[in-house]
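Report on one structure; see the data block that follows.
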Amino acid sequence: MNKTYGLHETCEVRELAVFKTVCMTKSKTMQALVSDPDLKHILHLDAELSNRQIQELSGLLTDAVR
Amino acid sequence: MNTILEHLTGMNKLTDQIIAADFLVSAKTSIINYSAALTECASAEIKTVLRKQLAEAIDTHGQITDYMMQKGLYRPYFLDEQIRLDLANAQTALSLPS
Amino acid sequence: MNGDYLDPINAVNMPDMADSSLALEFLLTIKSGVRSCAYALAEAVTPEVRALIRNMLEEALALHEETAALMMNKGWLHPYELGEQYALDLKSAITTVQIAQMKLFPDHTSRLGLFATPDQ
Amino acid sequence: MSTPTLAPHESMELHELLNFKTVCLAKSKMMQGLVFDQELKALMQKDVEQTMQAIAALRQAYERVPFRGTEAEIQ
């Protein structure tokens, strides 16, 4: 652990990354199960958004453990 | 999901609704999680990322609530109807073979 | 610290200690405000209510940032040096316990009857 | 406006927020008299002003909650 970020914020970011990962996995799998096209679209958008968000969070976490 | 299996389990009507409800719950939790995390952050860099993602989470929440209200899956203005809907869903879930 | 609350020795560093605990109180209140806003926003469906609470949440986060920055500047908050932070926490907890053990108020604090009660 | 009244749950949350803001306002106003640090006092004053605005906005939203008291109770 280096001193880039505080321990408290690193813990919070990790917590968010775990939560987001679960959400994205759900959005991705659920896409295959829904029949309504509108809902499918919302889930698809969320999966893409979460994809980017997780990359951002991972970036922060990589800095934190470097 | 396999259509035969869906009909067999009575899940066909439920899946979309359950998935949408699950998504709504996640969207609500998302807002709360991001806000709580933001109050623990001091670094500007982390804050910028989280602020942006919080705004996105709020937008996603708006999107799914609007969708569910439009489809009649979420009736926040009519609490008794909402409760009846929830009870019916709970019954269906209970009757699923485990 | 001795038990006599009128002893001037106890006034040494008093303003800074009072300010740091009041600032901490302020910060904790803002944090709980952020959480309340987040819970309310999760349940908001009417567009105007959503906009109103979102705005309040943004304001609370901005105020939190400013207060935390002020506290870090004054040395009342050390998020990056946990050792210092924990030492500070202990120090203020011990001081507060000492204050709590003093007798600060008269036994009888009901001031009923001392207020002007017109029209009676 | 499509719906004149607000939903029950959001109305409950508004009630929580209004009470919270009211207590905060009283606290921030009182604490200003106790602090020595002028910057901290300025922040608290800012909070007082923002909170008063928030309370005004919340009172406006209260006009539309589904379970309003009678006019006499509000006076």
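Segment B:30-98 to segment C:41-114: how many Å between their Cα centroids? Rounded to whole Å, the Cα centres lie 29 Å apart. Counting only protein heavy atoms and a probe of 1.4 Å, the accessible surface of the protein assembly as shown is 61% carbon and sulfur.
Please compute the average number of Cβ atoms from other chains found within 10 Å of each residue's Cβ in peptide C:28-35.
Numbers: counts 1, 7, 5, 5, 3, 8, 5, 4.
For peptide C:28-35, the averaged partner shielding equals 5.
Peptide A:21-29 has a mean shielding of 2, counted as Cβ atoms of other protein chains within 10 Å of each residue's Cβ. Gain on full extension, evaluated as 0.36 nm per residue between residue C:28 and residue C:87 minus their Cα-Cα distance, stands at 19.3 nm.
Let me know the volume per residue of the alpha-carbon convex hull for segment C:56-116, in Å³.
Values: hull volume 10.7 nm³, N = 61.
With only Cα atoms used, segment C:56-116 gives 175 Å³ per residue.
Each peptide in B:56-62, C:100-106 receives the mean, over its residues, of other Cβ atoms within 10 Å, and ordering these scores from highest gives B:56-62, C:100-106.
Diffusion coefficient (Stokes-Einstein, Kirkwood radius over C-alpha pairs, 37 °C, 0.692 mPa s) for segment B:21-95: 232 µm²/s, rounded to a whole number.
Determine the relative contact order of chain C: mean sequence separation of Cα pairs under 8 Å and six or more apart, normalised by residue count, in whole percent. Averaging sequence separation for qualifying contacts and normalising by length gives 27 percent for chain C.
Working from the Cα coordinates of segment C:8-101, the gyration tensor eigenvalues give, after taking √(5λ), semi-axes of 34, 14, 12 Å in decreasing order. Neighbouring Cβ atoms from other chains, within 10 Å of the Cβ of residues in C:62-71, number 4 on average.
Total accessible area buried between chains C and D, 1.4 Å probe, in Å² to the nearest 100? Could the numbers behind the result be given before it?
Working: alone 9870 and 6020 Å², together 13240 Å².
When C and D are taken together, about 2700 Å² of accessible area is lost.
When the alpha carbon coordinates of segment A:1-57 are projected onto the principal axes, the ranges are 48, 14, 12 Å, largest first.
With a 1.4 Å probe, how much accessible area is buried between chains B and C, both sides summed, in Å² to the nearest hundred?
Counting both chains, the buried surface is close to 2000 Å².
Summary of packing: across the peptides D:51-62, B:75-86, C:31-42, the per-residue average of other C-beta atoms within 10 Å ranks them, highest first, as C:31-42, D:51-62, B:75-86. Rounded to whole Å, the principal axis extents of the Cα atoms in the protein assembly as shown read 85, 68, 38, largest first.
The values are calculated or read from the model by the stated rules, or taken from the named source; none is laboratory data. Just so we're clear, the structure is a prediction, and the values are computed from it rather than from any experiment. Reconstructed Cβ throughout: ideal geometry from the backbone, glycine too, with neighbour counts over all protein chains shown. Heads up: the accessible areas ignore ligands, DNA and RNA and are worked out on the full protein's heavy atoms, side chains in. Shrake-Rupley method; radii C 1.70, N 1.55, O 1.52, S 1.80 Å.
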